[in-house]
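In what follows, a single structure is set out as structure tokens and then discussed.
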Amino acid sequence: MLLTGILPLIKNDNWTFRIFDYPRVQKLVICIALLVGWNFYGQASLESWELFLPILLVVMVLYLIVQIFPFTPLAKRMVQSTRKLEGGPDLHVMVMNVYQYNTDYDKVITLLKNENPDLFLLVETDHHWANAIAVFKKDYPYFIEIPLDNTYGMLFYSKNEILSNKINYLVDEDIPSLETLTRLPNGQAVKIFSIHPMPPVPQENPRSTERDAEILLVGKMVKAYQKPAIVIGDLNDVGWSYTSNLFLKTSGLLDPRRGRGMYSTFHAKYFFLRWPLDHIFVTKHFTLDKLTVHGPVGSDHFPISATFTLDRENNNQKMESDPEAEHIAEEKIEDGLAENEK
């Protein structure tokens, strides 16, 4: 357990280091359980070197509490709650990794009909999913479909007019992302970046290099845009990882989870292995009305949705960047692009 806490501190992109970024709450629970067990069964004397083990576990528990604290309701909110303004919320967004081999199309369709978001993004969508979701084309006249059989397909549906759209292949020629400019009913344009990078797991990619590069490239694009924007998708990374912190610092984006809770979306089938992989990040222009993780739809992910209001007069708390963070982000982007060219 001490090793699982130390390994993520080593800035190595191999999956054996990065995978331990995910189960932070689980590590805290196990460390506390080990300390309780040691209290009843430990035999170490004050002179024994073994006494260092429970001491180190206490240090690890304190460290994990500090790391988890920003994702609890006790912490300061990064995205402020919406004030009572005339006109109500401006944008209701839903993100769902449907799991390509899931055939419970009706569950997804029912949830979308009940929630009635202004726009939604479905990832891991093949042609079967594209055919099933086509029932929404009447109510969502603006859509972009990229059905793929490699688990990286995307379906983007919007009630609001799409002013422009670009399909990007930022790092891998087989993994698309979307850059979509939509116009809200009040006339305000909002850019939506939709991504689903490859996870750092042995069966997909043993390194996080390309995933990190894609996430940080999108952050760079958001920073250059300087106007209201939202980043949505299954990022295959948790909100508290080193890469996520770097992403927030260098992009100026905000995480509505911070100061509210974990809102874990994966794994839907194992309650003891859950962490937040699906995200909705926003620029400083938005306040939050509601953030919800929905019930199971047959996937290994839970859907997540959020409702936002455009309110420039807010007290949102973004992370401040610095030259070192900018330099590290550029290095990671260059490494990811170089890795893909090999």
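The values are calculated or read from the model by the stated rules, or taken from the named source; none is laboratory data. Keep in mind that this is a model prediction, so the values were computed, not measured. In this analysis, Cβ positions are derived from the backbone assuming ideal geometry, glycine residues included, and neighbour counts consider all displayed protein chains. Quick note on the areas: whole protein, heavy atoms, side chains included, nothing else; ligands and nucleic acids left out. Shrake-Rupley method; radii C 1.70, N 1.55, O 1.52, S 1.80 Å.
Observations, loosely collected:
- Conditions (1) assigned to a strand (DSSP E or B); (2) crowded, with 21+ Cβ neighbours inside 10 Å; number of the one not met by Val79: (1)
- Checking Lys191, Lys220 one by one, the residue that is farther than 15 Å from Arg18 by Cβ, in a helix (DSSP H, G or I), under 18 Å from the mean Cα position of the chain (by Cα) and not hydroxyl-bearing (Ser, Thr, Tyr) is Lys220 and no other.
- Any hit, segment 146-164, residues being open to solvent by 70 Å² or more (accessible area, probe 1.4 Å), in a loop (DSSP other than H, G, I, E, B), in contact (Cβ under 8 Å) with a residue 12 or more places away in the chain and within 18 Å of Pro185 (Cβ to Cβ): no
- Meets criteria (within 21 Å of the chain's Cα centre (by Cα) and open to solvent by 20 Å² or more (accessible area, probe 1.4 Å)) for Glu124: yes
- Scanning segment 279-338 for residues that are in a helix (DSSP H, G or I) and loosely packed, with under 15 Cβ neighbours inside 10 Å yields Pro323, Glu324, His327, Glu330, Glu331, Glu334, Ala338.
- Residue in segment 177-208 that is surrounded by the most Cβ atoms within 10 Å (Cβ to Cβ), counting only those that are among the small types (Gly, Ala, Ser) and within 19 Å of Lys166 (Cβ to Cβ): Ser194
- For first residues located in segment 121-140 and at positive phi, partners that are surrounded by 19 or more Cβ atoms within 10 Å (Cβ to Cβ) and not in a helix (DSSP H, G or I) and lie 6+ apart or on another chain with Cβ distances below 6 Å form the pairs Glu124/Asn97; Glu124/Val98; Glu124/Tyr99; Glu124/Gln100.
- First in segment 212-234 and more than 16 Å from Ile167 (Cα to Cα) and at pLDDT 95 or above, second anywhere and assigned to a strand (DSSP E or B) and open to solvent by 10 Å² or more (accessible area, probe 1.4 Å), Cβ under 6 Å, 6 or more apart: Tyr225/Lys191; Ala229/Lys191
- Scanning segment 14-25 for residues that are in contact with a helix residue (DSSP H, G or I) (Cβ under 9 Å, 6 or more places away or on another chain) and assigned to a helix (DSSP H, G or I) returns Thr16, Phe17, Arg18, Ile19, Phe20, Asp21, Arg24, Val25.
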